[in-house]
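Chemist: Have a look at the structure that comes next, please.
Read-outs: derived from the displayed coordinates by stated rules, not from any lab. This structure is a prediction, so every number in the text was calculated from the model and none was measured. Glycine also receives a Cβ, built like all others from the backbone with ideal geometry; neighbour counts cover every protein chain displayed.
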Amino acid sequence: MLIKKVTNTQELNDVFSLRYRVYCLEKGYEKPENYPYGLEIDEYNPYSVHFIGYNGSCPVGTVRLVMSNANGFPMEKYCNVDTRDFCSDARKVAEISRLAVSSVLSKRLSINKHEFTLSLLKELCNIANQVNISCLLAAMSTGLDRLLNRCGIRFTRIGSPVDYHGVRIPYLAHMEDLKNELYENKRDIFEYFFPFQEYSLK
């Protein structure tokens, strides 16, 4: 299993193709006819850091980190949330978005989907930490929220549920709070998500 930040055109095409597979064909969230080239794309892609997970040469999962941009964040568009109410410095805010792990491929390749999801989020959080993101946004299903809570990764609900790619609830987490809680209560998860980092409670 290889989880990495996307660095070239082929990997980016793998991201869009995988998103098409999951969002259009497996989940039915999007209409396939809207993406005639089999690539699920939107207006936030140019402002995002993309991540991809492979099993051998087969792309199985992806997620992106949407950075501050003139279009705002997907959460603001779809969840009726003004992120400025919660995070004052827009330059240090980013949104976890387009998390997609293929259920079909996970089953076929005997991959633990939850572990794969956490590996993607680990890589994303590591990069967010490196570029000094202080506030992470996420529109999550209750299932993903429960998975993260079991690992001690707690986001705060900031809005009402909406029907967007299934029922989604807007959440946020301040990076320092998240790291402090993990360091104090789930040291193994902290060391998994932020390896080799010297740290003390803030």
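Chemist: Could you work out the helix-only [θ] at 222 nm for the chain, with each DSSP H run of four or more residues adding -39,500 (n - 2.57) and the total divided by the number of residues, to the nearest 500 deg cm²/dmol?
Modeler: After summing the helix terms and dividing by residue count, I get -10000 deg cm²/dmol.
Chemist: Here's another thing I want to ask about it. Roughly speaking, what % of Cα-Cα pairs in segment 46-129 are separated by over 16 Å, rounded to a whole number?
Modeler: 56
Chemist: Can you pull out the cysteines in the chain that have no other Cys Cβ under 4.7 Å?
Modeler: 24, 58, 79, 125, 151
Chemist: Here's something else I'd like to know. Rounded to whole Å, give me the distance from the Cα center of segment 67-119 to that of segment 141-193.
Modeler: 11
Chemist: Let me check the size of segment 94-133 from its C-alpha atoms; what are the radius of gyration and Dmax in Å?
Modeler: 12.2, 38
Chemist: Name the residues of segment 139-171 whose amide N is less than 12 Å from a point 7 angstrom out from the Cα of residue 26 along the C-beta direction?
Modeler: Inside the label zone: nothing.
Chemist: Under a 5 Å amide H to amide H cut-off, with H placed in plane at 1.01 Å, what residues pair with residue 60 once short-range neighbours are removed?
Modeler: Amide H neighbours of residue 60, under 5 Å, 5+ apart: 53, 54, 55.
Chemist: A further question follows. Taking the simple approach of a point 7 Å from Cα along Cα-to-Cβ for both residue 78 and residue 113, what is their distance in nm?
Modeler: Result for the modelled spin labels: 1.7 nm.
Chemist: Shifting gears a bit: Based on the inverse mean of 1/r over its pairs of different Cα atoms, what is the Kirkwood hydrodynamic radius of segment 46-95, in Å?
Modeler: 12.4
Chemist: At residue 89 and residue 71, where each label point lies 7 Å from the Cα along Cα→Cβ, what is the point-to-point distance in nanometres?
Modeler: Taking the two extended label points, one gets 2.6 nm.
Chemist: Something else about it: When all C-alpha to C-alpha distances in the chain are sorted into bins of 10 Å, what percent of pairs does each bin hold, rounded to whole numbers?
Modeler: Cα pair-distance distribution for the chain, in percent: 8, 35, 40, 15, 1, 0.
Chemist: Now for a different question. Can you give the extra length, in nm with one decimal, that the chain gains between residue 58 and residue 146 once fully stretched, where that is 0.36 nm per residue apart less the Cα-Cα distance?
Modeler: Value of the extension gain: 28.9 nm.
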